[in-house]
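Take a look at the structure set out below.
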Amino acid sequence: MAKQRRPQARARKPNSSLPATRTTHGTTEAASAAPVTPPQPPLTAAPSKPSAPAAPPRRSTYFEAVALYERGLDQLQHHEYQSAAEIFERVLQQYSEEKELQERAQLYLNICRRQAAPREAIPQTVEERLYASTLAINGGRYDEAISHLRLVRDEDPDNDHALYMLAVAHAQRGEPAEAVAHLERAIAINPENRGLARNDPDLEPLRDDDAFRAAVEAPQGSAPRFDRRRPLRPRSVR
């Protein structure tokens with residue numbers, strides 16, 4: 001009896017969705033359908049920005065400098081300018097490393113020096129005002145001279161020296177009427193002022209004035225006599 005042949009099994013199509021396998025020395029390995037991605041280096045954090053440096057610690061002398069500086073301010077507020085100036089000078093000398101404090105101390109030191117500087121005394125007596133007016137005329141400060149001389153005239157209306165100097169100041173300011181009026185009054189009180197005015201270069205602006213020429217015409221030929229009781233007015237510096 002003949003043997004029936006068994007039908008051979010059909011070869012299966014490989015499932016495309018499954019990974020292919022290969023056998024190596026009896027070991028079945030899966031073949032990757034996709035390319036293998038090479039290993040990536042580990043990610044590292046981005047470098048952070050350097051932090052701002054910490055503020056330097058205060059010097060040990062800082063608080064001493066501030067305390068001394070505040071003492072100077074206290075003296076300044078009490079109008080003790082000389083004492084305050086000395087304190088601010090110590091701040092500048094002893095704490096040169098405190099730049100900001102040095103600038104403020106220098107500012108207040110300048111204020112103290114201006115306030116502590118001796119001021120020009122205001123003339124109080126007739127003699128002081130006459131002297132001040134002489135300096136003012138010689139310096140070309142005719143308004144200042146007239147201000148002093150008017151005070152002398154108000155206190156001593158017959159002070160011919162003050163009246164004569166008023167004539168000079170007004171002449172130099174280009175005011176002939178006022179100058180001649182004061183000169184006539186000075187000559188009436190003391191006739192010696194006539195000869196002085198005749199040759200005084202400070203009265204040169206009045207030479208062409210008829211009233212001036214009439215005032216200085218000598219009624220007699222006697223020379224003027226120097227009076228030691230009257231202060232001599234210095235000639236103007238030209």
(request) Among the residues of the stretch 118-138, write down those that are of a type outside the set (S, T, N, Q) and exposed (fewer than 15 other Cβ atoms within 10 Å of the Cβ). (result) P118, R119, E120, A121, I122, E127, E128, L135
(request) Those residues that are acidic (D, E), in a helix (DSSP H, G or I) and farther than 18 Å from I137 by Cα, I need them from the stretch 190-210; list them, please. (result) E192, D210
(request) Please work out which residue is surrounded by the most Cβ atoms within 10 Å (Cβ to Cβ), limiting yourself to the stretch 78-117 and to residues that are closer than 13 Å to Y62 by Cα and in contact (Cβ under 8 Å) with a residue 24 or more places away in the chain. (result) V91
(request) Within the stretch 173-210, track down each residue that is of a type in the set (D, E, K, R) and surrounded by 15 or more Cβ atoms within 10 Å (Cβ to Cβ). (result) R173, E175, E178, E184, R185, E192, R194, R198, D200, D202, D209
(request) Determine, yes or no, whether Y142 is surrounded by 18 or more Cβ atoms within 10 Å (Cβ to Cβ), within 21 Å of D202 (Cβ to Cβ) and assigned by TED's automatic domain parsing to the domain that holds A162. (result) yes
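The values are calculated or read from the model by the stated rules, or taken from the named source; none is laboratory data. Computed from a prediction, not measured in an experiment: that's the story for all the values here. Cβ atoms come from the backbone with ideal geometry, glycine included; neighbour counts cover every protein chain shown.
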